[in-house]
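See below for the structure under consideration.
The values are calculated or read from the model by the stated rules, or taken from the named source; none is laboratory data. The structure presented is a predicted model; accordingly, all values stated were derived computationally and were not measured. Here Cβ is always computed from backbone atoms with ideal geometry, including for glycine, and neighbour counts include all displayed protein chains.
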Amino acid sequence: MTRKKITMLAGVIFCILILPSVNGIAFAQYYNPDSSTGLDDYLKLAQDRVAIANDNPKQGSGTPMFAADGVVGAILLSSGVFGGIAASFFIKSRQGKYAVIGRG
């Protein structure tokens, strides 16, 4: 057997052995021993949220769109982080050993 075949076979065996433990983790988020389906609590919470929204129509959805810790704050934070990373890549690309002399 070649090295590639051995690696593929080991990956398949690993996936077969790990599958039962992953299935238990995925099921755990909906598991409720007191109910038959496990989704009853989520249904009750959703109905309560709809009732609260109907009782308070002028309050909006509850999503702080323009709060500093809401959507705009998240946009500013992520654009600052990713913009800084992009800027550092741009600056490094202008000074690298593969930069062509005479272009900019």
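Some observations on this one:
Every residue, every condition in (1) surrounded by fewer than 10 Cβ atoms within 10 Å (Cβ to Cβ); (2) modelled with pLDDT under 80, yes or no:
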residue: C15; (1), (2): no, no
residue: I25; (1), (2): yes, yes
residue: N32; (1), (2): no, yes
residue: G62; (1), (2): yes, yes
residue: F66; (1), (2): yes, yes
residue: S78; (1), (2): no, no
residue: V81; (1), (2): no, no
residue: G84; (1), (2): no, no
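- So S21, is it part of a loop (DSSP other than H, G, I, E, B) and at pLDDT below 75: no
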